[in-house]
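The values are calculated or read from the model by the stated rules, or taken from the named source; none is laboratory data. What you see is a predicted model, and the numbers here were worked out from it, not measured in a lab. Please note: Cβ atoms are built from the backbone with ideal geometry, for glycine as well, and neighbour counts cover all protein chains shown. Surface accessibility is based on the protein's heavy atoms, side chains included, excluding ligands, DNA and RNA. Shrake-Rupley method; radii C 1.70, N 1.55, O 1.52, S 1.80 Å.
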Amino acid sequence: METAVTGSEESGVAEGPVEEAAEREDGGCEGLWELPVERCVRRAECGRCSRPQKVCLCPFFPVHPLKVSTCLYIIQHPAEESRVLRTVPLLAACLPGDKCKVLIGRRFGEDRYPELAAVCRNSSTLILYPGAEAANLEELALIFPSPSTIIIIDGTWSQAKDIFYKNSLFRLPKQVQLKTSISSQYVIRTQPTNTCLSTLECAAIALAIMEKNDGIQETILRPLQALCSFQLQHGAQIHHSKEHLLKNGLYDKPMPKNKRKLRRMELLVNNVKI
Ligand SMILES: [Zn+2]
């Protein structure tokens, strides 16, 4: 949702949902943590970020949580929570607790989530989910009242799509998308296209826009850059997007037999927005 959403395509933001996200190969870092470790020996963990001390990310977090008026609601698919490499904890570590709320689940009914329902009904709430109906956040932010709340769905494209369309609450807030051309820095997890962003990247960009402060984006992305750098030093491989691989003749997986999927891959190569 990684972006629903958030246009990045994990959470998707810049372009429409791409079902291929479901087929993404996320396995590049599998086993990474297990390599040098004996099961019976508990590794020393950092007390603050809960990561092994050797790869503690604390020096990359801001000393004090960022002062922001915008509140984020991260709607996280349960599968995302159990992943080894997740970006939402990095985001949460940069923000005050009351400005970054994480709700885990697939279905969010009004009865069980009255607070979320109230947020969705509030006219100052936006949901980051790309599509024809979505306004560009950059333009909307100029006229949108502050403080606002932004809902971001964290999961693969297909998970985010499921959450967005099967929960009527999420159709209530104004739908927005990021119109950005930046490439994801989250290089250790394959994104469907070059402009797919992780949930953390989407949140960083959205916050910088709403708060009119580019420094916010830089600060939030710092731990992600450090994480990717650590992982690469420890043997992870850079995952180029499927788009990059196809365009450069580096895609080494069997091509799909399904005609619809094949057509989608052709569209990726030809730079057509899906
Ligand atoms: Zn730490």
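A few points about this structure:
- When the alpha carbon gyration tensor of the range 78-143 is reduced to an equivalent ellipsoid, the three semi-axes, largest first, read 23, 18, 14 Å.
- Using every pair of separate Cα atoms, the Kirkwood estimate puts the hydrodynamic radius of the range 55-178 at 15.3 angstrom.
- Inter-label distance for Glu133 and Arg107, nm, one decimal - labels placed 7 Å from Cα along Cα-to-Cβ: 2.1
- Per residue, the accessible area of the range 77-141 comes to 48 Å², computed with a 1.4 Å probe over protein heavy atoms only.
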